[in-house]
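Q: What follows is a structure written as structure tokens; I'll ask about it next.
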Amino acid sequence: MTNITVSLPDTLAQEARAAGLLTSEALERLLRAAMKQGQVDRLFATMDKLAALEPKLTEQEIDAEIAAARAERARRR
């Protein structure tokens, strides 16, 4: 397990503590949600790029792009 230290403004820390957000479990949920949202954002950005390509991609080219994106995501893990 990794321990981290985070510096927050006092008021934010007090509000987060009162909301139960400074527990290990809550912080883990928040971090996992943020990472998942990042994946969704990258997916939509990639879809936007694909939609803007001219000429339009064939189904096989789309499949290749999806495979490449999945391989890149797997490589980052």
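Q: Going residue by residue through segment 54-63, is there one that turns out to be at pLDDT 95 or above, at negative phi and not in a helix (DSSP H, G or I)?
A: Checking segment 54-63: not a single residue is at pLDDT 95 or above, at negative phi and not in a helix (DSSP H, G or I).
Q: Would you check which residues across segment 5-22 are under 29 Å from Arg73 (Cβ atoms) and either exposed (fewer than 12 other Cβ atoms within 10 Å of the Cβ) or among the aromatic types (Phe, Trp, Tyr) (or both) and list them?
A: Val6
Q: Identify the single condition in (1) at pLDDT 95 or above; (2) out of contact with any helix residue (DSSP H, G or I) (no Cβ under 8 Å at 6 or more places or on another chain) that Gly20 does not satisfy, given that it satisfies every other one.
A: (2)
Q: Are there any pairs, at least 6 apart or on different chains, whose C-beta atoms fall under 8 Å, with the first in segment 33-59 and under 24 Å from Leu21 (Cα atoms) and the second surrounded by 10 or more Cβ atoms within 10 Å (Cβ to Cβ) and modelled with pLDDT of 90 or more, and if so, which?
A: Cβ pairs passing all conditions: Gln39/Arg73.
Q: Right, here's the next one. Criterion first (at negative phi, hydrophobic (A, V, I, L, M, F, W, C) and touching a Leu at 6+ places or on another chain (Cβ under 7 Å)) does Ala26 satisfy it?
A: no
Q: I've got another one for you. What pairs come up if the first residue lies in segment 1-16 and is assigned to a loop (DSSP other than H, G, I, E, B), the second is of a type outside the set (D, E, K, R) and at pLDDT 95 or above, and their beta carbons are under 8 Å apart, counting only those six or more places apart or on different chains?
A: Once the first residue is assigned to a loop (DSSP other than H, G, I, E, B) and sits in segment 1-16, its partners that are of a type outside the set (D, E, K, R) and at pLDDT 95 or above give Leu8/Ala16.
Q: Which residues, counting only those in segment 5-48, are of a type in the set (Gly, Ala, Ser) and under 20 Å from Ala68 (Cα atoms)?
A: Gly38, Ala45
Q: State all residues of segment 1-47 that are of a type in the set (D, E, K, R) and over 30 Å from Glu61 (Cβ atoms); if no residue qualifies, say none.
A: Asp10, Glu15, Arg17, Glu25, Glu28, Arg29, Arg32, listed by residue number.
Q: Moving on to the next point. Looking only at segment 23-55, which residues are exposed (fewer than 10 other Cβ atoms within 10 Å of the Cβ) and among the charged types (D, E, K, R)?
A: Result: Glu25, Asp48, Glu54.
The values are calculated or read from the model by the stated rules, or taken from the named source; none is laboratory data. Small disclaimer: the values here were computed from a predicted structure and weren't measured. Neighbour counts run over all protein chains shown; Cβ positions are idealised from the backbone, glycine included.
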